[in-house]
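Trainee: Got a structure here, written out as structure tokens. Questions coming.
The values are calculated or read from the model by the stated rules, or taken from the named source; none is laboratory data. Small disclaimer: the values here were computed from a predicted structure and weren't measured. For neighbour counting, all protein chains shown are included, and Cβ atoms are generated from backbone atoms with ideal geometry for every residue, glycine included. Heavy atoms of the whole protein, side chains included, go into the accessibility calculation; ligands, DNA and RNA do not. Shrake-Rupley method; radii C 1.70, N 1.55, O 1.52, S 1.80 Å.
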Amino acid sequence: MLTLLAFVVALGILIAVHEYGHYRVAVACGIKVLKFSIGFGKPIYTWRLKNKPTEFAIGMLPLGGFVKMLDEREAPVDPAERHLAFNTQPLKSRAAVVAAGPAANLLLAVLIYAIVNWSGLQEPKAVLASPVAGSLAERAGLRGFETVQQAAFDGDELQAVRSFEDLRWRLTQGALDGRDLQLVLGNDSGSSSRTVTLELSKLDAADADAQLFRKIGILGPWTRPVIGEVMAGGAAQKAGLRAGDVVLRLGSTAIVDGQQLREAIRGSVRASGGDGVAIAPQDWQIQRAGQTLVLQVAPEIKRERGAAVARIGAYVGAPPEFVTVRYGPLDGLWQGVVRTWEVSQLTLKMMWKMVIGEASLKNLSGPLTIADYAGKSASLGWSAYLLFLALISVSLGVLNLLPLPVLDGGHLMYYLWEGITGRGVSDAWMDRLQRGGVAILLGMMCIALFNDVTRLLG
């Protein structure tokens, strides 16, 4: 129920803002707006503002919206109102009305990011867990339990790293741009001890997928190797593990953090061949109430998404240490602008890589995945939900600016042609382009829905 509600609210807000952008600029340009609708299909509620010609409506299908303006191309117009019709407006006015929808979504993202920046956000501290074996991070010399104080791409000035999420964002940017990232590692006293360089430029463009951070080797922040909730009937309970046990060693390997312990459990599948239903018992050295104990734990092999995965039936690793990331009024607003710009760039780069075949089409997400993330973010609190809204708002704004017929960007492409040649696109070409645009969008939607179903069923 929460997922459905969060999804509908998100769609309603994003569609309303987008269409209001079109509506507000149309009214400012002196265009008569006949109808403003959130959703398609039969209206379930309509109203009018006093002395205003516009009918406002909420449709039954909340998967879009529209602003219907007076237009001679759609219906006969009274000569006395011809100056109020959209098609009779100057080119700059028509372009402004079309661009206002995507611009409204981008401005909404700026505002949301600013609100989160002003109110403060609890994020994991930028303390690194043990790197994945054989990854870029391990080859760079990272060992785990290092605090990342500053970071910079080659040739750029070093900037403070405020949280682990800040670091993750820089890693994503570097991987997509093919730029190496320099990290200054230190401790809480502020004195830096050493500098390492993550050679992100050595990642192939096709590596920008769901396994990106595993290839980089930085999966999460440092956590204590503590056993959390133990599930009834699981391998952990059978072995005698209890919540609060601190794992010191697994076999001959010293365990220093929760990430390393999770990787060690994962690696036990490879050691066993992954064919059975259980793994040979392992000696786990633990600390419990000041005493050191040795227990034999046999992780169980389960099939998840077609792959063998080792599980012990317990939460592994304590929660990470959190810091509050908060900005002042001007800094918060500026950071909102910067983040919106960065997310827009990242979205365009990913789209382009998919077009030229350098990134998998599996990165496309549809309404089912969006709904799933809406519910998950809402369950984490209002800050996480707001950040989800900002991300989707940027994506909606950028998508609508693409030069595809039937999208706002396609109409802007027509107006660019008109501005260059002095004449509009012919009806014949308009029809061909619209059909092509619809075909491309339907294809993208089918791929996105297929990816959604695959993720949910997998």
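Trainee: Taking the Cα centre of the stretch 283-412 as the origin, how large is its charge dipole in debye, to the nearest 20, when only Lys and Arg (+1) and Asp and Glu (-1) carry charge on their Cβ atoms? Don't skip to the end; give the middle numbers.
Mentor: Working: 11 positive and 9 negative charges, 52 e Å.
I would put it at about 240 debye.
Trainee: At PHE40 and ARG143, where each label point lies 7 Å from the Cα along Cα→Cβ, what is the point-to-point distance in nanometres?
Mentor: 6.0 nm
Trainee: Another question, then. Find the accessible area per residue for the stretch 290-339; the probe is 1.4 Å, ligands and nucleic acids are left out, and the unit is Å². Intermediate values should be presented prior to the final figure.
Mentor: Details: 3170 Å² over 50 residues.
With all protein chains present, the stretch 290-339 gives 63 Å² per residue.
Trainee: Just flag the chymotrypsin sites (Phe, Trp or Tyr not before Pro) in the stretch 134-170 sitting in loop per DSSP whose Cβ has no more than 16 other Cβ atoms within 10 Å. Before the final figure, lay out each step's value.
Mentor: Working: sites: PHE145, PHE153, PHE164, TRP169; in loops: PHE145.
Passing sites in the stretch 134-170 are PHE145.
Trainee: What value, in deg cm²/dmol to 500, does the helix sum -39500 (n - 2.57) over DSSP H runs of n ≥ 4 give at 222 nm once divided by the residues of the chain?
Mentor: Working: 12 runs with 204 residues, N = 458.
Estimated from H runs of four or more residues: -15000 deg cm²/dmol.
Trainee: Give me the distance in nm between label points sitting 7 Å out from Cα along the Cα-to-Cβ direction at TYR315 and THR88, one decimal.
Mentor: 6.6 nm
Trainee: So what's the gap between the Cα centers of the stretch 10-64 and the stretch 387-454, to the nearest angstrom?
Mentor: The two parts, judged by their Cα centres, are 21 Å apart.
Trainee: I would also like to ask the following. Could you work out the local net charge near ALA80, counting Lys and Arg as +1, Asp and Glu as -1, over the other residues with Cβ closer than 15 Å to its Cβ? Before the final figure, lay out each step's value.
Mentor: Values: positive: LYS32, ARG82; negative: GLU72, ASP78, GLU81.
Charge balance near ALA80 sits at -1.
Trainee: Also: For every other residue with a beta carbon closer than 12 angstrom to the beta carbon of ALA314, add +1 if it is Lys or Arg and -1 if Asp or Glu, then tell me the sum.
Mentor: +1
Trainee: May I ask which residue of VAL8, GLY101, MET351 lies farthest towards the positive end of the charge dipole of the chain, with charges of +1 (Lys, Arg) and -1 (Asp, Glu) on Cβ and the Cα centre as origin?
Mentor: Of the listed residues, the answer is VAL8.
Trainee: Is the chain rounded, prolate or oblate when judged by the Cα gyration tensor, a ≥ b ≥ c being the square roots of its eigenvalues, rounded requiring a/c under 1.5 and prolate requiring a/b larger than b/c? Let's see the in-between values first.
Mentor: Working: a/c = 2.36, a/b = 2.10, b/c = 1.12.
Cα axes put the chain in the prolate bin.
Trainee: While we're on this one: What does a probe at ARG288 reach in the stretch 224-258, counting residues whose amide N is under 11 Å from the point 7 Å along Cα→Cβ?
Mentor: 237-246
Trainee: Same structure again: Let me spell out the model: positive unit charges on the Cβ of Lys and Arg, negative unit charges on the Cβ of Asp and Glu, origin at the Cα centre of the stretch 58-192. What dipole size does that give, in debye rounded to 20? Please report the intermediate quantities before stating the final value.
Mentor: Numbers: 12 positive and 16 negative charges, 29 e Å.
Taking the Cα centre of the stretch 58-192 as origin, the dipole is about 140 debye.
Trainee: Residue by residue through the stretch 136-147, what is 3J(HN,Hα) from phi via Karplus (6.51 cos²θ - 1.76 cosθ + 1.60, θ = phi - 60°)? Round to whole Hz and write x for glycine and proline.
Mentor: 4, 5, 5, 5, 6, x, 6, 10, x, 6, 8, 9
Trainee: Enumerate the amide H contacts of ASP71 below 5 Å, restricted to partners 5 or more residues apart or on another chain; note that Pro and chain-start residues carry no placed amide H.
Mentor: PHE86
Trainee: Out of the total accessible area of the stretch 40-95 (probe 1.4 Å, heavy atoms of protein only), what percent is carbon and sulfur?
Mentor: Working: 2350 of 3980 Å².
C and S fraction of accessible area: 59 percent.
Trainee: Further question: Between LYS238 and GLN182, what is the FRET efficiency for a Förster distance of 51 Å, r being their Cβ-Cβ separation, to the nearest 0.05?
Mentor: On the way: r = 47 Å, r/R0 = 0.92.
So, using R0 = 51 Å, E works out to roughly 0.65.
Trainee: Can I ask one more? Quick one: 3J(HN,Hα) in Hz for the stretch 412-423, Karplus 6.51/-1.76/1.60 with θ = phi - 60°, rounded, Gly and Pro as x.
Mentor: 5, 5, 4, 5, 5, 4, 5, x, 7, 9, x, 9
Trainee: Next question. May I ask you to give the percent of accessible area on the stretch 261-417 that is carbon plus sulfur, with a probe radius of 1.4 Å? Mind showing how you got there, number by number?
Mentor: Numbers: 5280 of 8590 Å².
Roughly 61 percent, rounded to a whole number.
Trainee: Provide the per residue accessible area, probe 1.4 Å, for the stretch 363-422, rounded to a whole number of square angstrom.
Mentor: Details: 2710 Å² over 60 residues.
Per-residue accessible area for the stretch 363-422 comes out at 45 Å².
Trainee: Skip the ligands, DNA and RNA, and give the accessible area per residue of the stretch 1-141 with a 1.4 Å probe, whole Å². Walk me through the intermediate numbers first.
Mentor: Details: 7210 Å² over 141 residues.
Ligands and nucleic acids excluded, the result is 51 Å² per residue.
Trainee: Pop out the ³J(HN,Hα) list for the stretch 5-14 in order, Karplus 6.51 cos²θ - 1.76 cosθ + 1.60 with θ = phi - 60°, rounded to Hz; leave Gly and Pro as x.
Mentor: These are the phi-based 3J(HN,Hα) values: 4, 4, 5, 5, 4, 4, 4, x, 5, 5 Hz.
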